[in-house]
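Structure first, commentary second.
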Amino acid sequence: MMIYQKLMCDGFELKYCIKGQGQPILVVGSSIYYPRLFSENFYQHFQVIFLDHRGFGKPTHALKQADYTLDKIVKDMEYARQTLQLDDLIVLGHSGHAFLAMAYAKAYPQHVQKIVLLNTATTNSQERQQQSLSYFEAHASAQRKHQFTHDIALLEEDLKREPERRFVHMCIRMGAHSFYDYMFNATSTWDNVHPNMEIIDYLWGVAFAEQNLLQEIQQVSKPIFIGLGRYDYLVAPVSLWDAVDYTPHVKKVIFEKSGHNPMFEEPVFFDEQLIKWINEE
């Protein structure tokens, strides 16, 4: 059973939970969704703090665009660090949240020991998104494409029923883009996750589209772990990251039997690789 606590940040109620003990790892995103992806073994090695950002927090007032700038979300992360009296952090961001992890590490390098970027593209620009879709069409198997066609046809009814959970339903119906096992149904991992779509749309459509992680990696000196899934068509192809292969402070691992969630799909190998990297440098 997860025990949740709350932080009040500038009119947002942000939940967080803590699992395990040891070196602190701050995981930004949904505090409900992300604990479901990591193995119990992983929590034997680290103190993992799962923190909502404003896209998953509960606002106490009507939203204004000024409420969800990237700078304010990064300051929320710092407020959580101060409140929990954490230091020498590993900051971890998965998918779009990798952009938040990097933004925090750039803003508060004195509190960050290492950075973990999982299953992210180098940018979320429209051009890159189209590139990933084209890669899927060119390289996915016929069976995977058929499953995607079946699943995505269900999205319209999902959105009629719960338009406020569009992000969640999109993630579920994109399963054939997201998992090595393209028939896997991820619905249960998203139970009780309620995004603020106005904020999610801004982050993924504007803030993350303006960032380029290849450039930002060269601007930080912290050790960086980049984990990618060979079958992660959401941010494909993995060759987007070829440019970091000779960057001394970057460790890149490709998980050959994973899509968008190697910590869930290959937990033993994922734990082995990340634990080794954290402990050896």
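The values are calculated or read from the model by the stated rules, or taken from the named source; none is laboratory data. These numbers come from a predicted model, not from an experiment. No Cβ is skipped: glycine too gets one built from the backbone with ideal geometry, and neighbour counts run over all protein chains shown.
Which condition does ALA243 not pass, out of (1) touching a residue at least 24 places away in the same chain (Cβ under 8 Å); (2) crowded, with 19+ Cβ neighbours inside 10 Å; (3) not charged (D, E, K, R), if it passes all the others?
All conditions pass for ALA243, except number (2).
Count, please, the residues in segment 88-119 that happen to be crowded, with 24+ Cβ neighbours inside 10 Å, touching a Phe, Trp or Tyr at 6+ places or on another chain (Cβ under 6 Å) and outside any strand (DSSP E or B).
1
Which count do you get for residues in segment 202-213 that are surrounded by 15 or more Cβ atoms within 10 Å (Cβ to Cβ) and either free of Cβ contacts under 8 Å to residues at least 60 places away in the same chain or under 16 Å from ASP245 (Cα atoms) (or both)?
1
Kindly provide the set of residues from segment 36-76 that are in contact with a Lys or Arg (Cβ under 6 Å, 6 or more places away or on another chain) and not β-branched (Val, Ile, Thr), ordered by number.
Passing the criteria: TYR43, ASP52, TYR68.
Residues being in a helix (DSSP H, G or I) and either of a type in the set (A, V, I, L, M, F, W, C) or more than 23 Å from SER134 (Cβ to Cβ) (or both): count how many of those fall in segment 227-261.
Counting residues in segment 227-261 that are in a helix (DSSP H, G or I) and either of a type in the set (A, V, I, L, M, F, W, C) or more than 23 Å from SER134 (Cβ to Cβ) (or both) gives 7.
Do the conditions hold for PHE38, that is, is it part of a loop (DSSP other than H, G, I, E, B), at pLDDT 95 or above, surrounded by 17 or more Cβ atoms within 10 Å (Cβ to Cβ) and out of contact with any Asp or Glu (no Cβ under 9 Å at 6 or more places or on another chain)?
Details: part of a loop (DSSP other than H, G, I, E, B): yes; at pLDDT 95 or above: yes; surrounded by 17 or more Cβ atoms within 10 Å (Cβ to Cβ): yes; out of contact with any Asp or Glu (no Cβ under 9 Å at 6 or more places or on another chain): no.
It is false that PHE38 is part of a loop (DSSP other than H, G, I, E, B), at pLDDT 95 or above, surrounded by 17 or more Cβ atoms within 10 Å (Cβ to Cβ) and out of contact with any Asp or Glu (no Cβ under 9 Å at 6 or more places or on another chain).
With ARG144, ARG166, ARG161 as the choices, which residue is over 24 Å from GLU266 (Cα atoms) and surrounded by 14 or more Cβ atoms within 10 Å (Cβ to Cβ)?
Going through ARG144, ARG166, ARG161 in turn, just one is over 24 Å from GLU266 (Cα atoms) and surrounded by 14 or more Cβ atoms within 10 Å (Cβ to Cβ): ARG166.
Within segment 216-240, which residues are of a type in the set (A, V, I, L, M) and either surrounded by fewer than 21 Cβ atoms within 10 Å (Cβ to Cβ) or over 21 Å from VAL112 (Cβ atoms) (or both)?
Hits for segment 216-240 are VAL220, LEU228, LEU234, VAL235, ALA236, VAL238, LEU240.
Is it the case, given these coordinates, that ASP191 is at pLDDT 95 or above, within 16 Å of the chain's Cα centre (by Cα) and surrounded by fewer than 17 Cβ atoms within 10 Å (Cβ to Cβ)?
In short, no.
Quick check on MET170: is it free of Cβ contacts under 8 Å to residues at least 40 places away in the same chain, of a type outside the set (Asp, Glu) and not in a helix (DSSP H, G or I)?
Values: free of Cβ contacts under 8 Å to residues at least 40 places away in the same chain: yes; of a type outside the set (Asp, Glu): yes; not in a helix (DSSP H, G or I): no.
Spelling it out, it is not the case that MET170 is free of Cβ contacts under 8 Å to residues at least 40 places away in the same chain, of a type outside the set (Asp, Glu) and not in a helix (DSSP H, G or I).
Determine if segment 77-87 includes at least one residue that is crowded, with 18+ Cβ neighbours inside 10 Å and either in contact with a Lys or Arg (Cβ under 7 Å, 6 or more places away or on another chain) or in a strand (DSSP E or B) (or both).
no
Quick one: what pairs do we get from segment 7-30, first residue of a type in the set (Phe, Trp, Tyr), second crowded, with 19+ Cβ neighbours inside 10 Å and assigned to a loop (DSSP other than H, G, I, E, B), C-beta under 6 Å, 6+ apart or different chains?
PHE12/ARG54; PHE12/GLY57; TYR16/SER31
Assigned to a strand (DSSP E or B), buried (at least 17 other Cβ atoms within 10 Å of the Cβ), modelled with pLDDT of 95 or more and aliphatic (A, V, I, L, M) - does that describe any residue in segment 62-74? Even if it seems obvious, please write down each step before you answer.
First, the residues of segment 62-74 that are assigned to a strand (DSSP E or B): none.
No - not one qualifying residue is present in segment 62-74.
Answer yes if at least one residue in segment 197-212 is outside any helix (DSSP H, G or I), of a type outside the set (Phe, Trp, Tyr), under 16 Å from the mean Cα position of the chain (by Cα) and farther than 19 Å from GLY29 by Cα, and no otherwise.
Yes; the residues of segment 197-212 include at least one that is outside any helix (DSSP H, G or I), of a type outside the set (Phe, Trp, Tyr), under 16 Å from the mean Cα position of the chain (by Cα) and farther than 19 Å from GLY29 by Cα.
Write out, first by first residue and then by second, each pair whose Cβ atoms fall under 7 Å of each other, whose residues are 6+ apart or on separate chains, and whose first residue, in segment 75-88, is closer than 15 Å to VAL28 by Cα and at pLDDT 95 or above while the second is part of a helix (DSSP H, G or I) and of a type in the set (A, V, I, L, M).
none
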